[in-house]
Amino acid sequence: MEIIKVKDMDELGRKAAEIVVDSIKEIENPVLGLATGSTPEKLYANLIDKCKAGEITFEQAVTFNLDEYVGLSNDDPQSYRYYMDHHLFNGIDIKKQNTHLLDGEAKDLEKECRSFEQLMKKTGEMDLQILGLGLNGHIAFNEPGTSFDARTHIVDLDDSTIEANSRFFEHKEDVPTQALTMGIGTIIEAKKILLLVQGEKKADILKKVLYGDVTEEVPASILQRHPNVVLVTDIDI
Ligand code: F6R
């Protein structure tokens, strides 16, 4: 794993954007995996600037997001579709029909997960997957104990995840208790992974992820076995 140490969130955003641009600019039809949450916000702002400055185009890009809450509509400001439109897609030249998020309002959620997997397979290998890290070691919404082989599936969110994400909602009770998420088996097939981790409060879990046992109790520890991971972090490790 390549580790890039940065001094703060601003530098993390700039560095991560450089890596994204360098990783996909030579690829004719890049396939990108995207994350939501606080950590990639500056990355997306930098990508918008770079796209406007003509340094990168997303005209031929296809994206798949890691996860989506169950039960929120696309125009709900807490939905990940809304987040992606507002933090990235509306500011770049991507074709909206090439941006794929799981539909958390689908009538048949299991079928939705299967269709998402099929679409990813048809599209071809993921060139670059962006990941954040949960306080409990989750990647996407793969909570501790999830099989490393899992494909896209429905999850019951951990109390700790609901608590952590309640900062985006008015009341903790408003946080959905279920989500749809790419599985670890799906994520790990990406050719390259860009892991972004910011803030001292994630120092302990990041050390476990990097130097602890590879165990399903720490979902992100699987990244130790991936041949092409770049970590950008402001944490001393
Ligand atoms: C979001 C996602 C989550 C977050 C993680 C960290 O799409 O997949 O795994 O990356 O919960 O969230 P932040 O960046 O808000 O600390």
**OP:** May I ask you to list the residues in the stretch 150-187 that are in contact with a Leu (Cβ under 8 Å, 6 or more places away or on another chain) and either assigned to a loop (DSSP other than H, G, I, E, B) or of a type in the set (Lys, Arg) (or both)?
**Re:** THR152, VAL175, PRO176, THR177, MET182
**OP:** Could you tell me whether any residue of the stretch 148-157 is away from the ligand (no atom under 13 Å from the Cβ) and more than 21 Å from VAL70 (Cα to Cα)?
**Re:** yes
Original post:
Can you name every residue in the stretch 167-221 that is without any contact (Cβ under 8 Å) to a residue 12 or more places away in the chain and more than 24 Å from ILE3 (Cα to Cα)?
Top reply: ARG167, GLU170, HIS171, LYS172, GLU173
**OP:** Considering (1) more than 12 Å from the ligand (Cβ to nearest atom); (2) without any contact (Cβ under 8 Å) to a residue 60 or more places away in the chain, say which one ASP8 fails and leave the rest.
**Re:** (2)
Original post:
If we keep just the residues of the stretch 78-104 that are within 15 Å of the ligand (Cβ to nearest atom), open to solvent by 20 Å² or more (accessible area, probe 1.4 Å) and over 13 Å from the mean Cα position of the chain (by Cα), which is farthest from LYS122 (Cα to Cα)?
Top reply: GLN78
Original post:
Failed condition for ALA140, given (1) over 19 Å from THR177 (Cβ atoms); (2) of a type in the set (A, V, I, L, M); (3) under 14 Å from the mean Cα position of the chain (by Cα), with all others met?
Top reply: (1)
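Take LEU206 and decide whether it is open to solvent by less than 50 Å² (accessible area, probe 1.4 Å) and within 10 Å of the ligand (Cβ to nearest atom).
On the way: open to solvent by less than 50 Å² (accessible area, probe 1.4 Å): yes; within 10 Å of the ligand (Cβ to nearest atom): no.
No: the conditions fail for LEU206.
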Original post:
Is there a residue being in a helix (DSSP H, G or I), over 25 Å from ALA220 (Cα atoms) and within 16 Å of the ligand (Cβ to nearest atom) anywhere in the stretch 15-37?
Top reply: no
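When the stretch 43-61 is examined, which residues are found to be assigned to a loop (DSSP other than H, G, I, E, B), open to solvent by less than 30 Å² (accessible area, probe 1.4 Å) and not small (Gly, Ala, Ser)? Show your work before the answer.
First, pick out the residues of the stretch 43-61 that are assigned to a loop (DSSP other than H, G, I, E, B): 53-61.
Now narrow it down to the ones that are open to solvent by less than 30 Å² (accessible area, probe 1.4 Å): 56, 58, 61.
The answer is ILE56, PHE58.
From the list LYS191, LYS172, which one is surrounded by fewer than 18 Cβ atoms within 10 Å (Cβ to Cβ), closer than 24 Å to GLU68 by Cβ and touching a Ser or Thr at 6+ places or on another chain (Cβ under 6 Å)? Spell out the reasoning first.
Working: LYS191 fails: touching a Ser or Thr at 6+ places or on another chain (Cβ under 6 Å).
None of the others qualify; the one that does is LYS172.
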Subject >> Evaluation of ARG151 against (1) touching a residue at least 40 places away in the same chain (Cβ under 8 Å); (2) of a type outside the set (Ser, Thr, Tyr); (3) open to solvent by 60 Å² or more (accessible area, probe 1.4 Å); (4) touching a Cys at 6+ places or on another chain (Cβ under 9 Å) (one fails), failing number >> reply: (1)
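The values are calculated or read from the model by the stated rules, or taken from the named source; none is laboratory data. The shown structure was predicted, so the numbers you read here are calculated from the model rather than taken from an experiment. Cβ: placed from backbone, ideal geometry, glycine included. Neighbour counts: every protein chain shown. Ligands, DNA and RNA are stripped out before the accessible areas are found, and what is left, the full protein with its side chains, is counted by its heavy atoms. Shrake-Rupley method; radii C 1.70, N 1.55, O 1.52, S 1.80 Å.
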